[in-house]
Amino acid sequence: MSASPHPLRRCFIRHPTAIPIQLSPLASPATPRMEDVSLGGLAALSPQPLPRGSEVEVIIPVGEPAFHARARVCWCRRLKDGAWRVGLQFCKGNDLFRLRMVEQLCHIEAYRRRVALREGRLLDRRQAAVEWIRREAERFPPLERIEEG
């Protein structure tokens, strides 16, 4: 999320920003995208502002079934390029745990694309997951470490 004196700021996990998300209701045909995840919520880039305090359905179409959760808009800030950075807090505590699974899937999918571009190897999702876990998973901080700060 944006620069903040929040003590857990240094522990936020960056998502691959190429992962699109859906926020409903959102009246724009442009696709929002996930920016980062914090304890209990996420920040997203949106083509239009969302009213503070309103509730949205967050849909992340990675994995089967896609991640769905209700979230409340905590803040909304206009960026220089005309887009909006929106802070969302999940309405249910267990949604953070589910989001961590989606987060790993996002990283695996980004890894799969990177391997295809850089090495020309086409991995299926299972192969990419096995390689990503072997090479990257130890750097993926456990939720407990994030909560402790």
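The values are calculated or read from the model by the stated rules, or taken from the named source; none is laboratory data. Not measured: the values here are computed from a predicted model. Cβ sites come from the backbone with ideal geometry, for glycine too, and all protein chains shown count toward neighbours.
Data table
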item: All positions within region 48-69 that are of a type outside the set (Gly, Ala, Ser) and under 24 Å from Glu109 (Cα atoms); result: Glu57, Val58, Ile59, Ile60, Pro61, Val62, Glu64, Pro65, Phe67, His68
item: Failed criterion for Arg85 (all others in (1) in contact with a Cys (Cβ under 8 Å, 6 or more places away or on another chain); (2) modelled with pLDDT under 75 hold); result: (2)
